[in-house]
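Structure, as structure tokens:
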Amino acid sequence: MDNNPIQALVRFGWGRRGSEPLPSDPRHWLAGQITAPDPGIQADGFADLPTSGAALAILREERKTKPPPGESHLRDIYRREAAALASWAVVTPAPFRERLVWFWANHFTVSVRGGGVAPTAGAYVREAIRPHVTGRFVDLLSAVMHHPTMLMYLDNVQSVGPDSPAGIKGKRGLNENLARESLELHTVSPAAGYSQEDVTAYARLITGWSVDMQADPPGFKFRPFAHQPGSQTVMGQSFPDGQEGGEAALRFLGTHPATYRHLALKLVRHFVADTPPPAAVKHVAGVLHDTGGDLGQASLALLRLPQAWNPLEKLRTPADFVIATVRALDMTGEQVPNLPGIMGGLGQPMWNAPFPIGWADDAASWTGSEALLRRIDWAYGISGRAAAQDAGDIATASLGPLLRPETSTAISRAGSRRDALALLFASPEFQRR
Amino acid sequence: MNQLRISRRAALLGLTAAWQFGGASLALADAPTNRRFIVIILRGALDGLAAVVPYGDPNLAVWRADLVPPEPGTDGGLLDLGGRFGLHPALAGMHDLFKAGELLPVHAVAGHYRSRSHFEAQDYLESGADQRMDSGWLNRAVAALPPAARGTSPGGPALAVGVSVPLLLRGRGAVGAWAPTGFAQPSPDLYARIAELNHPDPVTGPAIAEALRERGFATQTLGADDPKAPQRNAFPTLAGSAGRMLAAADGPRVAALEVGGWDTHAGQRNRLVGPLTQLDAGLVALKTGLGDAWRQTAVLVVTEFGRTVRVNGTGGTDHGTGTVAFIAGGGVAGGRVGGTWPGLAEAHLFENRDLAPTTDVRALAKGLLAGQFGLSEAALETVFPGSGGVAGTTGLLRV
């Protein structure tokens, strides 16, 4: 199965779209998506959506005018952003690069369960995630940690150094939420063995990293008034106070060997198997280490892992499954259903993970029996709308050599075209990537 | 030939069994067969000091002045639990249970681990062990149930209520998952074909067959109206449905539910009201759904850890250690606050920040599993590996 074009599309993207031409050299085609510019940056679907600054200006305005829910623009921006991102995954010519965008957006999860996140979640992906997915990890980390959406989601905008002028004068104090999750989830992970003191020190270093809602446009602002004075020690490394101390801490954490191991583990789990082969993790971590955290090089290293070409190792998440189904049916424009709404109904609403750890990346988390049956029910519904198409042709086009004879037989014996399509989408091989 | 295929499919799905058990009636009231056990996980770390407020502790005001509701007896005040503790005012339904002797809050409870990471701690809490395991302690408890306690549910004795199965209930024992459905559905025949297509698959095969069994069961137990109820995923609705499924004579005997929203790093005074109201209404709905079976039911409500005793800089609390657990049910020896209160004096705080833990959550689980199902010490050792030094708490149940 090594270098099989269908496997390339299924594992590294969201499956084949209709009967689009297959790449003659799949590995070369995937690698080209890493080295070429991101077509998503110029995509029409994102053109009319606001920057985070513009969205925050609307948020500021609506906090004053308090429009009734039906007239608020905030919810509308969120809906348009979610639809734009999901629709782009259906049509992108660079699905591997786009999957990396989704992967890193999940690594640095923000959730609309946090106040103020909804109108800027899409801009966050465009501004902080998308430009850096093939760059250096430390730059991605820095972009995220300076972005208003993350600073608001994990409460850092409210965190005040206890001995800062604001801390002495007012009632507010330290909030360690962002610092803790940054260590645990975004960078070194608990495997690095940091302590509560390290969390507190890091939290103090980034006090004053905030959002200026009064600026035009609103955006990141370092507030010396709220910043904890004095140097801090994080994982044995001393950092000065001031904004530069926090910046230096990000450079330290963003290039730490434990961070590279953590990122390699997650990348291999996503692109190889739920239980990542240790040798593969070691290899990708080594690439990150040797290249100063070059995520493009790490992505290319994934393509060279023989295990990444073992077919059908990973279960599709609800979002993967929905996008893959719509791609297989080659739906376009008005035909494309309300993807974010469907993902929500199947248990994976966009920008709505319950915790900062994001969505789980293993089969066990998505095979609660009712969960699988729900996606099958949904597939049955959309099969009803697409039943003019021949299920056998779609099965052959989308799964190629991955299609099992049993599924082929079941499709050919189905009582209706709709049933035949539903059987394709309910087959074990279509549940996987 | 055709007929043979259909009957094979029916056997695959257990559908015949599901239909047959529809007319079964309630058996002897106090036989072990009728005991139920439900675990509710509060994901995100409930602040025990805010849910069951130790208003009699002189140090409470030192740390919590801004977060403590007025004393019992005043407008919007705490709901008294006997002079030292008070329930948060959003927990009025649970206060009624307490007054009826059916609610036992246990204070200063923690897991056996000391992680302050949600994700690690939830894994350990649900694994019931010192490391993350592939199975949860409730699944191993189901596997250890004596035959008489397993019931006759066609979907097996255990049920996860919600779209996915939590680690707590994952493992080798058969577990069904159930959540109200919202999409158009294939015909029974197409379901059968889908199940057959997936049958050889080790992951999707069992999951799909199990879900179909659960649906066959759920549809006849719940009546037609229920799945279309508004806000069908809201916790009280799920809890009420779970209660009705467990009440059935051939229903599951063990269930797990979960409810989130407890990670109150900021603005805790306001943000805690919603989750507490959901929990309160959920327990009431569970009792209503269970009907007479409430008398044979024990519910254990646990969270992964507590929160800091001190209020943080943003009107919230950060990740801590000791917290409160709740035990509820018709046979629970309630109407009192259990556990050993460590006090809130600075010298008594755990690591100078958290409520010191004095009760291991495994002791409560062991006490309930022994009391409800007669699980032996040896069986409880397999449920909680390495917990030999932790005896099950006695006296949690009246009978």
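The values are calculated or read from the model by the stated rules, or taken from the named source; none is laboratory data. Small disclaimer: the values here were computed from a predicted structure and weren't measured. All Cβ positions, glycine included, derive from the backbone under ideal geometry; neighbour counts span all protein chains shown.
A compact table of results
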| quantity | calculated |
| --- | --- |
| Condition broken by A:Phe108, with the remaining ones in (1) away from chain B (no Cβ under 14 Å); (2) at pLDDT below 95 satisfied | (2) |
| Enumerated helices (runs of 4 or more DSSP H) restricted to the stretch A:155-213, each holding at least 3 residues that are more than 9 Å from chain B (Cβ to nearest Cβ), out of contact with any helix residue (DSSP H, G or I) (no Cβ under 7 Å at 6 or more places or on another chain) and not polar (S, T, N, Q) | A:196-205 |
| Test for B:Pro206: is it away from chain A (no Cβ under 11 Å), without any contact (Cβ under 8 Å) to a residue 24 or more places away in the chain and out of contact with any strand residue (DSSP E or B) (no Cβ under 7 Å at 6 or more places or on another chain) | no |
| Unmet criterion (only one of (1) part of a helix (DSSP H, G or I); (2) within 18 Å of A:Thr396 (Cα to Cα)) for A:Pro23 | (1) |
| Positions within the stretch A:402-419 being aliphatic (A, V, I, L, M) and either part of a loop (DSSP other than H, G, I, E, B) or facing chain B (nearest Cβ under 9 Å) (or both), in sequence order | A:Leu403, A:Ala410, A:Ala414 |
| Residue within the stretch A:365-379 that is over 18 Å from B:Ala195 (Cβ atoms) and more than 9 Å from chain B (Cβ to nearest Cβ) present | no |
| Residue count for the stretch A:44-80, restricted to those that are touching a residue at least 60 places away in the same chain (Cβ under 8 Å) and either of a type in the set (Ser, Thr, Tyr) or part of a helix (DSSP H, G or I) (or both) | 13 |
| Exclusive hit being assigned to a strand (DSSP E or B), under 30 Å from B:Arg213 (Cβ atoms) and either in contact with a Gly (Cβ under 7 Å, 6 or more places away or on another chain) or without any contact (Cβ under 8 Å) to a residue 40 or more places away in the chain (or both), set B:Ala298, B:Ala255, B:Ala285 | B:Ala298 |
| The stretch B:284-306: number of residues that are within 12 Å of chain A (Cβ to nearest Cβ) and over 28 Å from B:Gly330 (Cβ atoms) | 0 |
| Selected residue [more than 20 Å from the chain's Cα centre (by Cα), modelled with pLDDT under 95 and assigned to a loop (DSSP other than H, G, I, E, B)] from B:Gly343, B:Gly389 | B:Gly389 |
| The stretch A:171-196 - residue that is free of Cβ contacts under 8 Å to residues at least 60 places away in the same chain and surrounded by fewer than 20 Cβ atoms within 10 Å (Cβ to Cβ) and, of those, nearest to the chain's Cα centre (by Cα) | A:Pro190 |
| Residue ID - nearest to the other protein chains (Cβ to nearest Cβ), chosen from residues in the stretch B:83-113 that are more than 24 Å from B:Lys287 (Cβ to Cβ) and touching a helix residue (DSSP H, G or I) at 6+ places or on another chain (Cβ under 9 Å) | B:Tyr113 |
| Unmet requirement for A:Glu370, which otherwise passes all of (1) surrounded by 22 or more Cβ atoms within 10 Å (Cβ to Cβ); (2) under 21 Å from B:Gln122 (Cβ atoms); (3) under 17 Å from the mean Cα position of the chain (by Cα) | (3) |
| Residues satisfying the stated conditions in the stretch A:37-70, i.e. acidic (Asp, Glu), more than 22 Å from A:Leu100 (Cα to Cα) and surrounded by 11 or more Cβ atoms within 10 Å (Cβ to Cβ) | A:Glu61, A:Glu62 |
| The stretch B:235-271, residues that are at pLDDT 90 or above, closer than 30 Å to B:Thr308 by Cβ and touching a Phe, Trp or Tyr at 6+ places or on another chain (Cβ under 7 Å) | none |
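Rundown of residues vs (1) surrounded by 22 or more Cβ atoms within 10 Å (Cβ to Cβ); (2) out of contact with any Lys or Arg (no Cβ under 7 Å at 6 or more places or on another chain), yes/no style:
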{"residue": "B:Arg307", "(1), (2)": "yes, yes"}
{"residue": "B:Asp318", "(1), (2)": "yes, no"}
{"residue": "B:Phe326", "(1), (2)": "yes, yes"}
{"residue": "B:Gly334", "(1), (2)": "yes, yes"}
{"residue": "B:Gly343", "(1), (2)": "no, yes"}
{"residue": "B:Phe350", "(1), (2)": "no, yes"}
{"residue": "B:Leu355", "(1), (2)": "yes, yes"}
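Yes or no, residue by residue, for (1) surrounded by fewer than 21 Cβ atoms within 10 Å (Cβ to Cβ); (2) modelled with pLDDT under 95; (3) assigned to a loop (DSSP other than H, G, I, E, B):
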site: B:Gly93; (1), (2), (3): yes, no, no
site: B:Gly101; (1), (2), (3): yes, no, yes
site: B:Val109; (1), (2), (3): no, no, no
site: B:Ser115; (1), (2), (3): yes, yes, yes
site: B:Gln122; (1), (2), (3): no, yes, no
site: B:Pro154; (1), (2), (3): no, yes, yes
